[in-house]
Amino acid sequence: MSNDLRKEIKFGTDGWRGVISDNFTFKNVAIVAQAISDWIYADIKEKKNSNPRVALGFDTRFLSKEYAEIVTAVLAANNIDVYLSDRYIPTPALSFGVLKTNSDCGVMITASHNPGKFNGIKIKTAQGGGAPVEITNKVEDNLGKTPVKTTDLNQAIVNKKVVICDFTKEYIKFIRSYIDLERIKKAKFRVLTDAMHGSGGTLMAEVIKGTSVKLETMRSDINPSFDGGKPEPVVEYLSGILDRVKNEKFDLGLVLDGDGDRIAAVAPGGEFIHPQKILGLLVLHLVRNKGRKGGVVKTICGTKMIDNIAKKLGLELYETPVGFKYISDIMVAEKIVAGGEEAGGMGVQDYIPERDGTLAGLLLVEMMVYQKKDIKQILRDMEKEFGKYYYERADLKLGEGKCDLNKIKSIKNLLGKEVVDVKDYDGVKLICEDDSWLMLRPSGTEPLVRAYSEAKNHQRAKQLINYGMELLK
């Protein structure tokens, strides 16, 4: 790989993301597609007699379909059979499609929650999970090594090297079978979903069709600028749904990110439910209401509440670096009830080892039906039993060079509380004697350093995050 390509193309926490027409160009997309093809032939082709097979999807971003067609043409020219989505789809539908088409891997054109000027490529394993670093490193090593092969896409379709595929039909069918539609059928809840102009679109409404749940959708139209913000389910981009849930008396608000694999929720009155709490709710619902058994996975910046839930329910707790691909690895290797990350990615048992915002959101609806309570009461019950924690996150744009966090490791006291533990396998996390903590880590998807904090009172959580930002500056 040339140094120029190494600068322009780098797979981070969840795929390669770049700025459209800057480093995310038709040329570079084709180079990545060739590198993926070379990896497939080195690692997969030699293990099977038939042609390798790839499932390929794309989201609602600017030129996503065209980028998908370029990747398809390169894969087909390398004698790889391609199942190409017939429309934009959420990433979980592509991941599920990898399994349904018996593909060797999946490729998704998306930049997830990044601003509209970005696009990207995610690679999925044969199980539908995020590709581990071992795979993305090999793809990076292949960049520019082999001249790009390509073919006429229409001719490839005629020759059946490329099959245009409806991934949404089987995806919706599976989710309808996963949740208890019979029990939900007569529920009278009013639910508002915000697709944030992403590829989740109206899928929740299609899954819930035929029940008495009144589900309305907002921002389900395509808008590649994402209202000038980011299709990320965090408070600063959600004023519309927060106001509507409050003013129009909805029982629950559900928010999907740009490619539909992350979830946030809103309680009656317009109260934002942090994804950290959603993971706790899902674990309690799956174990106590649905009798699931197994472990729980959280990331290093996950809430202490999950530790408390796992301990009381007798569930083994696993902790990973940030990035759902690490959670995916454990979901493949172990029996896991649910795994989740602070950013809203939730995965559940007996499904693909991948996050899915649509399924996670509908499981919250199902939980309300099972417990015959609104989500606010369920939330209060959980906090009363397992502790109420306040969580903060802030981002700081990173200048040239790397963020050196080594000095932070030596801090012995955080705003009056003794530091009793330090974790540094992904950024640096300082844990205090009162269970409050501060964590700093460079983002794996954007030129940012992220600061996270948690405490049992909101004031301390905010003080810690402010202190963290000062340390970064």
**Q.** Qualifying position, being under 25 Å from the mean Cα position of the chain (by Cα) and at pLDDT 90 or above, among K27, K65
**A.** K65
Q. Can you tell me which residue in the range 436-473 is modelled with the highest pLDDT, limited to those that are under 23 Å from the mean Cα position of the chain (by Cα) and part of a loop (DSSP other than H, G, I, E, B)?
A. S443
Q | Selection count where residues are closer than 19 Å to L84 by Cβ, touching a residue at least 60 places away in the same chain (Cβ under 8 Å) and among the β-branched types (V, I, T), scope the range 158-192 | A | 4
Q.
What's the number of the only condition in (1) outside any strand (DSSP E or B); (2) surrounded by fewer than 17 Cβ atoms within 10 Å (Cβ to Cβ); (3) modelled with pLDDT of 95 or more that I164 fails to meet?
A. (1)
Q) Would a scan of the range 132-145 turn up a residue that is within 21 Å of G258 (Cβ to Cβ) and among the aliphatic types (A, V, I, L, M)? A) no
Q | Residue among M331, M368, M305, M382 that is within 19 Å of the chain's Cα centre (by Cα) and of a type outside the set (F, W, Y) | A | M331
**Q.** Count of residues meeting criterion [over 27 Å from G427 (Cα atoms) and part of a loop (DSSP other than H, G, I, E, B)] in the range 270-292
**A.** 4
Q. Does A73 satisfy being surrounded by 18 or more Cβ atoms within 10 Å (Cβ to Cβ), more than 30 Å from Y237 (Cβ to Cβ) and of a type in the set (A, V, I, L, M, F, W, C)?
A. yes
Q) How do the pairs read when you match residues in the range 134-157 that are in contact (Cβ under 8 Å) with a residue 40 or more places away in the chain and at positive phi with residues anywhere that are surrounded by 14 or more Cβ atoms within 10 Å (Cβ to Cβ) and part of a loop (DSSP other than H, G, I, E, B), using Cβ under 8 Å and keeping only pairs 6 or more apart or on different chains? A) G144/M1
Q: Check K325 against each of (1) of a type in the set (K, R); (2) at pLDDT below 95; (3) over 16 Å from the mean Cα position of the chain (by Cα) and name the one condition it does not meet.
A: (3)
Q: For the range 261-269, indicate whether the set of residues that are assigned to a helix (DSSP H, G or I) and modelled with pLDDT of 95 or more is non-empty.
A: no
**Q.** Subset of the range 429-450 [over 20 Å from D14 (Cβ atoms), touching a helix residue (DSSP H, G or I) at 6+ places or on another chain (Cβ under 6 Å) and either in contact (Cβ under 8 Å) with a residue 40 or more places away in the chain or surrounded by fewer than 21 Cβ atoms within 10 Å (Cβ to Cβ) (or both)]
**A.** D435
Q) Which one of D227, D221 is of a type in the set (D, E, K, R) and modelled with pLDDT of 95 or more? A) D221
Q) So which of S21, S50 ends up being under 26 Å from I222 (Cβ atoms) and either without any contact (Cβ under 8 Å) to a residue 24 or more places away in the chain or touching a Ser or Thr at 6+ places or on another chain (Cβ under 8 Å) (or both)? A) S21
Q | Test set (1) under 20 Å from L279 (Cβ atoms); (2) surrounded by 14 or more Cβ atoms within 10 Å (Cβ to Cβ) - L396 fails condition number | A | (1)
Q | Answer from I123, I40 - the residue that is under 30 Å from D227 (Cα atoms) and among the aliphatic types (A, V, I, L, M) | A | I123
Q. Say we look at the range 260-277 and pick out the residues that are of a type in the set (V, I, T) and buried (at least 24 other Cβ atoms within 10 Å of the Cβ); which of these is nearest to L315 (Cα to Cα)?
A. I263
Q.
When you scan the range 108-118, do you find a residue that is buried (at least 23 other Cβ atoms within 10 Å of the Cβ), not charged (D, E, K, R) and not assigned by TED's automatic domain parsing to the domain that holds A68, even just one?
A. no
Q. Limited to the range 375-386, what total is found for residues that are over 23 Å from V234 (Cβ atoms) and surrounded by fewer than 20 Cβ atoms within 10 Å (Cβ to Cβ)?
A. 4
(Q) Every residue in the range 10-27 that is more than 17 Å from P132 (Cα to Cα) and surrounded by 21 or more Cβ atoms within 10 Å (Cβ to Cβ), please. (A) G18, F24
Q | Criterion violated by M196 - all others in (1) surrounded by fewer than 20 Cβ atoms within 10 Å (Cβ to Cβ); (2) assigned to a loop (DSSP other than H, G, I, E, B); (3) aliphatic (A, V, I, L, M) satisfied | A | (1)
Q) When both residues are 6+ apart or on different chains and their Cβ atoms are under 8 Å apart, which pairs have a first residue that lies in the range 261-277 and is assigned by TED's automatic domain parsing to the domain that holds E342, and a second that is among the charged types (D, E, K, R) and assigned to a strand (DSSP E or B)? A) P275/R262
Q: Find the residue count for the range 189-210, including only residues that are of a type in the set (D, E, K, R) and in contact with a helix residue (DSSP H, G or I) (Cβ under 8 Å, 6 or more places away or on another chain).
A: 2
Q: Could you list, in sequence order, all residues of the range 310-332 that are among the β-branched types (V, I, T) and surrounded by fewer than 24 Cβ atoms within 10 Å (Cβ to Cβ)?
A: T320, I330, V332
(Q) Return the residues of the range 41-62 that are of a type outside the set (K, R) and surrounded by 24 or more Cβ atoms within 10 Å (Cβ to Cβ); say none if nothing qualifies. (A) V54, A55, L56, G57, F58, D59, T60
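The values are calculated or read from the model by the stated rules, or taken from the named source; none is laboratory data. Because the structure is predicted, anything quoted here is derived from the model rather than measured. Every residue, glycine as well, gets a Cβ built from its backbone with ideal geometry; the counts of neighbours run over all protein chains shown.
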